[in-house]
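Take a look at the structure below.
Rule-based calculations on the coordinates, nothing more; no lab input. Source: prediction; values computed, not measured. Note: ideal-geometry Cβ built from the backbone for every residue, glycine included; neighbour counts use all protein chains shown.
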Amino acid sequence: MANCNNLFIEFNKEIRLTDKRRKKLRKRRNDLRKRIQSGYNIIKSSGETRHDITFQSQGSYVMDTIINPENKDCEYDLDDGLYFFGQLSKHQRPKAQTFHNWVIRAIEQGKSDRNYEEIKDKPPCVRVHFRSPGNDFNYHVDIPIYYAREIHRPELAHLNEEWPESNPVAFIIWFEEKTESGFKQEFILEREKFYGEYKDWLNDIRKKDHQLRRIVRYLKAWGDHIDNDMPPGIAMTILAGRNYCPADRDDESMTLTLEEIARFLENNGFQCPRPTSPVGEDLFASYNQEQKNFFKERLDAFIESAKEAMAAENQKEACRKWKEHLGKRFPCQLAKDKMEGSDTQSNPVIINSSRDKSA
């Protein structure tokens, strides 16, 4: 069996967000927060709204499963929740669109050293695009907007579904329990009080880099490479979290986890149910049969290649199987062309095509 664990570890280094870029994204996210807060203060001073707002980090940035995109022209994706605090019921408060409009106006009227490229109003969030002068570090920030009468049960200002309950912090807790990382919801809900402990936790999880985080990154990199109609990062995270198979090697864990994902989808009618509020929501509900078939075909092909890679006699042979699905960044240049367990290079078998006339 070919052991490609070292190649996966190198691949992880390539796709994982570096500390340098993490700091850039954090700074630019904070710049946007300041811009929104300053713009919202203008709106609030007019008496149009009395709600206080705050921000809460969420998504792959917190869980350290964010990846570098394969295409350099593609954008990094950040999620940064914005919370309005108040005591108005769903029927008493303004429509979700009003809250979206306030956020958009706050961005437009606020002040910051960094100018945005474009604002898009999407049903689940407000998206802000940024481009660096040389297009070498493009990113967008998705701002899901919540109304919270009680911080543990926020409701999302979704334009198509007025105020469904949605708790992104609960999703982080669900994932971090899988890694036994010691995450506490207070790290985000009471970040000023727990900032030091939260910072230590972040440093600790990045040093340990649990295998499940790497598996999620590999799945996201697979989706990023295939691109067309592949599930979003949150779906990959849920599928990995529900079906993760730990192993001594990442190539083995990846193969086993892919097989478990396929079984899970087959046994659950090709659904990807959300584990936190809204519990049970199928993230594949909007997929038509063609899209489902596409993902199933890609998944089956990946599993077949993974099994062939695991059974291969040397890394060179196995690496080609992995690279087919994980893309050009998978480091086949480091693969060794020798039999497993041997110190000598494997040589091709030369077959004499001329027949022995004495036969």
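Of note:
- Global geometry of segment 27-71, whether rounded, prolate or oblate, following the gyration tensor of its Cα atoms and the 1.5 cut on a/c: prolate
- Difference of contour (0.36 nm per residue) and Cα-Cα distance, Ile173 to Thr18: 53.4 nm
- Dipole moment magnitude, nearest 20 debye, the chain about Cα centre, only Lys, Arg, Asp, Glu C-beta charged: 1220 debye
- Net length gained if the chain between Leu189 and Glu259 were fully extended (0.36 nm per residue, minus Cα distance): 21.5 nm
- Sparse-neighbour loop sites [trypsin sites (Lys or Arg not before Pro); segment 20-115; at most 16 other C-beta within 10 Å; DSSP]: Arg50, Lys72, Lys90, Lys95, Lys111, Arg114
- Shape summary of segment 92-156, radius of gyration then Dmax from alpha carbon positions: 14.0, 47 Å.
- Angle between the chain longest axis and helix 168-179 axis [Cα atoms, degrees, rounded to 10]: 30 degrees
- Average projected area [Cα convex hull, segment 114-231], square nanometres: 10.1 nm²
- Sorting the Cα pairs of segment 17-166 by distance into bins of 5 Å, from 0 upward, gives 2, 9, 19, 22, 20, 14, 9, 4, 2, 0 percent per bin.
- Residue-averaged 222 nm ellipticity for the chain, from DSSP H runs of 4+ at -39500 (n - 2.57), nearest 500: -15000 deg cm²/dmol
- Residue among Trp102, Tyr40, Tyr139 farthest towards the positive dipole end of segment 14-145, charges placed on Cβ: Tyr40
- Lysines whose Cα lies under 25 Å from that of Lys336, excluding same-chain neighbours fewer than 8 positions away: Lys13, Lys307, Lys316, Lys321, Lys323, Lys328
- Proxy reagent accessibility, fewest Cβ within 10 Å first, across Val103, Val279, Val216: Val279, Val103, Val216
- Counted by neighbouring Cβ atoms within 10 Å, the residues Ser132, Ser45, Ser277, Ser60 run from fewest to most as Ser45, Ser132, Ser277, Ser60.
- Highest GNM mean-square fluctuation among Pro94, Pro231, Pro331, for the chain modelled with Cα contacts below 10 Å: Pro94.
- Listed candidates (i) 70, 49, 34; (ii) 103, 43, 36; (iii) 64, 62, 35 - label of the one calculated as Cα extents along the principal axes in Å: (ii)
- Length gained on full extension, Lys316 to Glu165, computed as 0.36 nm times the residue gap minus the Cα-Cα distance: 49.4 nm.
- Range of Cα positions in segment 1-86 per principal axis (Å), largest first: 69, 25, 19
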